[in-house]
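Any read-out appearing in this document is the output of simple, stated calculations on the displayed coordinates, not a laboratory observation. All of these numbers come straight from a predicted model, not from anything done at the bench. Backbone-built Cβ (ideal geometry, glycine too); neighbour counts: all protein chains shown.
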Amino acid sequence: MTTTTTGEQRRLLPSLRGRLAGTRDRALALRQMLDRPLTSYYLLMTASTLLLTIGLMEVLSASSIYSYRIYGNSYHVFLKQLTWMLLALPTAFVASRIPHRLLRMMAWPALIVSGVLIYLTGTSLGFAVNGNRNWLALGPLTLQPSELAKLAIILWCADLYARKERMLGDWKHALLPMVPVTGLVTALVVMQGDLGTALVLMAIILGMLWVVGAPARLFVGSLLSVAALALYLATTNTERLQRLTNFADPFKDYQGAGWQPAHGLFAMSSGGLLGKGISASQQKWGSLPEAHTDFIFAVLGEELGLVGTLLVLGLFLTIAYAGIRVALRTQDPFVRYMSAGITVWLTAQMMINVGMVLALLPVIGLPLPLVSYGGSALLPSLVALGLLVSFARSEPGARAALRDRHRRRSAGVNAGGGLPRRGR
């Protein structure tokens, strides 16, 4: 028996060695592919395009019943989202071409303008949606200024820390004047009653402090402050208090505050592995409030199943990986802090939205970036991605690789006498 077993093991050794060698070769090939100069550029372009495509598809599906019931046209919300996207894409392209020096000159104006717009929501120009007075009416245009403030804060902090790069070893320079200024903008958002956006702004602020190496005790104090703020906001609003106290078990108050998260769980659980198919959601027929905005991830899970939700999460993680890669490879401190801030923003907002849909967090009214309906959220998100793409093009070796790619394409066209034609 021992001889036979030993003989079988000897026969299996070459096969095992071959498999291990194949695994090493594949890991080496993957590492070499990720080390290419244009890896971040291609990852950002591919993941963003797929998320926008999935978002348009799901907005059309999730909003069709709502659009027909409210506007008499099943495509009303979808066409508005498409219009915003057609406006946002050229804006993002222009942003990707802005020189970094000019971009930094816009830091203070962007922060001041966004702060003033947030303040104006408390005047006669502002109006409330779902209990939060965070919208502004400027003639035919309505917008949510706090969405613009997310990008403005990141831009201002990146410029500030780039100018103070040599002084950031002293934690006081990391805090001043960053924390008071950004805290003022966050306080204006809190005054609107918008807890979701306030939490994202706090995540951005903490993320920027972590990037510059602020002491750990600062984060403990900040987390306690966030918890105290959430409890304070909860006590000022009965509906918000019910959401905060019932989110762990939405079925406890099924007919009240638990209605939306419960139906979100119904949608996710009924999707199974592959989903019911595009446009086959049942919850969008009226059971699930805000199906095309805050809870679009639930409709996506119902229609595309576990595979679809994991795909979307994977695309967001791809953007996060590319953003971190850009921040680590650049020699420009402004690009480093800007890339890190954008990555923290999009990743934190995605995690809060998904946690909200899965009843891991209370419902606080926050859209899923690039996927949910809403022009005020889509425009700054795409501009931020345009800036990340610009930074990815400035990575070491990336510009030379792009020039070489364009040169090879031009040489191929000229050598062939033009573009290939059918039948040639």
Distance in nm between Leu87 and Ile278 label points, each 7 Å along Cα→Cβ, equals 2.6 nm
With a/c under 1.5 counting as rounded, go ahead and sort region 101-223 into rounded, prolate or oblate using the C-alpha gyration tensor (a ≥ b ≥ c being the square roots of the eigenvalues; past the cut-off, prolate if a/b is larger than b/c, else oblate).
-> oblate
Members of Lys80/Lys276; Lys150/Lys252; Lys80/Lys252 lying beyond 29 Å, as alpha-carbon distances in this model show | Lys150/Lys252; Lys80/Lys252
Asserting the computed 222 nm helical MRE of the chain (DSSP H runs at least 4 long, -39500 (n - 2.57) per run, divided by residue count, to nearest 500) equals -24000 deg cm²/dmol
Short version: ³J(HN,Hα) in whole Hz for each residue of region 116-133, in order, from phi by Karplus 6.51 cos²θ - 1.76 cosθ + 1.60 (θ = phi - 60°), x for Gly and Pro, what are they?
-> 5, 5, 5, 4, 5, 5, x, 9, 5, 6, x, 8, 9, 9, 6, x, 10, 8
Take every Cα pair under 8 Å in the chain that's 6+ residues apart, average their separations, divide by the length, and report that relative contact order as a whole percent.
-> 24 percent
Which of Pro145, Ala187, Ala340, positive extreme of dipole for the chain (C-beta unit charges) = Ala340
Centroid-to-centroid separation of region 35-99 and region 344-372 [C-alpha atoms, Å] | 18 Å
Dipole size in debye (nearest 20) for the chain around its Cα centre, Lys and Arg Cβ +1, Asp and Glu Cβ -1?
-> 2080 debye
